[in-house]
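Engineer: Before anything else, here's the structure in question.
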Amino acid sequence: MARKHSKHGPYEDPRPEAEAPAAPLPCWLCGRPTGKTIVWHHPVPKSRGGTDVVPMHAICQQTLIANFSNSELQRHGMDVEALLANPNVRKFVDWVANKDPDFTATTAKRQR
């Protein structure tokens, strides 16, 4: 049988009512605000000793993975400008600049 009075009090929302939603984080690669889905990407792959993470769109991360190997990503590290020097990545960033933050599409597979 259920108790008539709870000894811990009523359930309350742990968030204060006046709390405003946080501003969307900018994508590390393209600079657009992130949408509902944020991918936390390791600029230096974990397999290469990377510990830092940056917010990205899923489509931006897929583009990096399709255009660079782990050793290339390790060499570039946190340098976004070096990654944008790649013509395929620059073309992608220019194309995706006016898309919705939650935009997704298939990306080309790595050409080996």
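Bear in mind these aren't lab numbers, they're just calculated from the coordinates by the rules spelled out. These figures come from a predicted structure and were not determined experimentally. As a convention, Cβ positions derive from the backbone with ideal geometry for all residues, glycine included, and neighbour counts pool all protein chains shown.
Engineer: May I ask you to list the chymotrypsin sites (Phe, Trp or Tyr not before Pro) in segment 68-105 that are in a DSSP loop and have at most 14 other Cβ atoms within 10 Å of their Cβ? If you can, show how the numbers build up before the last one.
Structural biologist: Values: sites: Phe68, Phe92, Trp95, Phe103; in loops: Phe68, Phe103.
Answer in residue order: Phe103.
Engineer: Starting from 0.36 nm per residue, how many nanometres of slack lie between Thr51 and Glu72 once their C-alpha separation is accounted for? Don't skip to the end; give the middle numbers.
Structural biologist: Values: separation 21, 0.36 × 21 = 7.56 nm, distance 1.64 nm.
Value of the extension gain: 5.9 nm.
Engineer: A further question on this structure: State the percent of C-alpha pairs, over all pairs in segment 39-96, separated by a distance greater than 19 angstrom. Spell out each step's value before the answer.
Structural biologist: Details: 308 of 1653 pairs.
Everything past 19 Å amounts to 19 percent.
Engineer: What trypsin sites (Lys or Arg not before Pro) does segment 71-110 have in DSSP loop regions with at most 10 other beta carbons within 10 Å? Walk me through the intermediate numbers first.
Structural biologist: Details: sites: Arg75, Arg90, Lys91, Lys99, Lys109, Arg110; in loops: Lys99, Lys109, Arg110.
Here the sparse-neighbourhood loop sites are Lys109, Arg110.
Engineer: What distance in nm lies between label points placed 7 Å from Cα along the C-beta direction at Leu25 and Asp102?
Structural biologist: Here the modelled spin labels are 1.9 nm apart.
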